[in-house]
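A.B. asks: Once you've had a glance at the structure underneath, I'll fire off some questions.
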Amino acid sequence: MQKKLDELTIGDEATIVNVLGEGRVRRRLFDMGVTPGADVLLRKKAPLGDPIEVTIRGYELTLRKNEACLVVCELKGGKN
């Protein structure tokens, strides 16, 4: 099942399948290692959902909701 990164719940593991957007924002995400094929784990979410903290490529990364909504993921382990 595909979801955007900001739609995952704490503890969800997923693989990035696409990064939407264009220009600077997309390039910034790529520079931080947010690329198709990378595994990601949602670690924390602020009370209002912004920002979120994920583990990707062995490090913790904090993203704004407007960045996380550009990252399309495939959930692992058959979670819905």
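Every number here is computed from the coordinates shown, using simple stated rules; none is lab data. All figures in this text were calculated on a predicted structure; none of them were measured in a lab. As a convention, Cβ positions derive from the backbone with ideal geometry for all residues, glycine included, and neighbour counts pool all protein chains shown.
A.B. asks: Report the gain in length on full extension from Lys4 to Leu20: 0.36 nm times residue separation, minus Cα-Cα distance, nm rounded to one decimal. Please report the intermediate quantities before stating the final value.
C.D. replies: Details: separation 16, 0.36 × 16 = 5.76 nm, distance 1.00 nm.
Residue separation times 0.36 nm, minus the Cα-Cα distance, leaves 4.8 nm.
A.B. asks: Could you check how many percent of all C-alpha pairs in the chain are farther apart than 19 Å?
C.D. replies: Values: 778 of 3160 pairs.
Distances greater than 19 Å cover 25 percent of the Cα pairs.
A.B. asks: Further question: In nm, give the distance between the simple-model label positions of Phe30 and Cys69, each being 7 Å from the Cα along the Cα-to-Cβ direction.
C.D. replies: The answer from the label model is 2.3 nm.
A.B. asks: Can you show me the helix-derived [θ] at 222 nm for the chain, built from DSSP H runs with n ≥ 4 at -39,500 (n - 2.57) apiece and divided by the number of residues, rounded to the nearest 500. Mind dumping the intermediate values first?
C.D. replies: Details: 2 runs with 13 residues, N = 80.
Helices in the chain give a 222 nm mean residue ellipticity of -4000 deg cm²/dmol.
A.B. asks: If the cut-off is 17 Å between C-alpha atoms, which aspartates and glutamates fall inside it for Lys44, apart from same-chain ones fewer than 8 positions away?
C.D. replies: Answer for Lys44, where 17 Å is the Cα cut-off: Asp6, Glu7, Asp12, Glu13, Glu53, Glu60, Glu67, listed by chain and number.
A.B. asks: If we count other beta carbons within 10 Å of each Cβ, what is the order of Leu75, Leu5, Leu70, Leu20, fewest first?
C.D. replies: Details: Leu75 16, Leu5 25, Leu70 19, Leu20 12.
So the ranking, lowest neighbour count to highest, is Leu20, Leu75, Leu70, Leu5.
A.B. asks: While we're looking at this one, here's another question. Under the Karplus relation 6.51 cos²θ - 1.76 cosθ + 1.60, θ = phi - 60°, what is the ordered set of whole-Hz ³J(HN,Hα) values for the range 16-28, x standing for Gly and Pro?
C.D. replies: Here the 3J(HN,Hα) series is 6, 10, 7, 10, 7, x, 8, x, 4, 5, 4, 4, 4 Hz.
A.B. asks: Remind me, relative contact order of the chain in percent, using alpha carbon pairs under 8 angstrom and six or more residues apart?
C.D. replies: 44
A.B. asks: So which GluC sites (Glu not before Pro) in the range 1-57 pass both tests, a DSSP loop state and at most 15 other Cβ atoms within 10 Å of the Cβ? Working shown, then result.
C.D. replies: Numbers: sites: Glu7, Glu13, Glu22, Glu53; in loops: Glu22.
Passing both the DSSP loop test and the Cβ count: Glu22.
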